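The values are calculated or read from the model by the stated rules, or taken from the named source; none is laboratory data. All of these numbers come straight from a predicted model, not from anything done at the bench. Cβ coordinates were reconstructed from backbone atoms using ideal geometry, including for glycine residues, and neighbour counts include every protein chain displayed. For accessibility, only protein heavy atoms count, side chains too; no ligands or nucleic acids. Shrake-Rupley method; radii C 1.70, N 1.55, O 1.52, S 1.80 Å.
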Amino acid sequence: SLDKHDIIPPMYADNQLGDDIWRNVNNGSYNITFNDTGGSYLNKFQVKVTSASNITSETILDWEDNFIFPAQTNSYNTLWTLNSTVWAGLTDGINYFHIKVFDGVGNTTVGENLFYVKKDTTAPTIPVLTFPLNGISTNSVNINFDWSDSQDIFSGVNFYQIIVSTNI
């Protein structure tokens, strides 16, 4: 049974560096562990997401439940993921995470600026062929191609691929 006299807040250990992989899907896992020694077990943790590292920075997502701990859990050391609601609430760019962990009687501990997630779900702009003109015929063996640069303001452009074919 829960210890109704628990006055000891739950704790966390931040083992997570920033997530430097640009993600376009929710496939990251994170290493912040949780512990409760007050007798009322871990309950849940929430995340707050901001546009910069300070918890008072512009709020992107305000204290959203991310995870409910299994019943009678005093210690949680398993990697966890962002739930779909949290992922959907992130903006393209760098999202800074703060956590609030709750025990069974409502004691809380807040962790500020624990890690960040880089999200980029916007495709780069489509480059436009500028030379030679599209569909032009030539008998030249060596052809130089030029196109307008593609832009991606978050993760950047990794490479271009050009396909030359008579069967398109």
Item to check | Efficiency of FRET from Cβ geometry, Thr85 and Ser29, R₀ 25 Å, rounded to 0.05 | outcome: 0.90
Checklist entry - Where in region 146-168 is the amide nitrogen less than 13 Å from a point lying 7 Å along the Cα-to-Cβ axis of Ser140? => result 146
Checklist entry - In the chain, what percent of the accessible surface is made up of carbon and sulfur (1.4 Å probe, ligands and nucleic acids excluded)? => result 51 percent
Checklist outcome for this item: In whole percents, the bins of 10 Å from zero upward hold the Cα-Cα pairs of the chain as 9, 29, 22, 14, 10, 8, 5, 2, 0
Item to check | Asn43 long-range amide H proximity, modeled H, under 5 Å | outcome: Phe102, Asp103, Gly104
Item to check | Computed label-point distance, nm, for sites Ser57 and Ser165 using a 7 Å Cα→Cβ extension | outcome: 4.4 nm
Next on the checklist: Per 0.36 nm of contour for each residue apart, how much would the distance between Gln72 and Glu112 grow if the chain were fully extended, relative to their Cα-Cα spacing?
Outcome noted: 11.8 nm
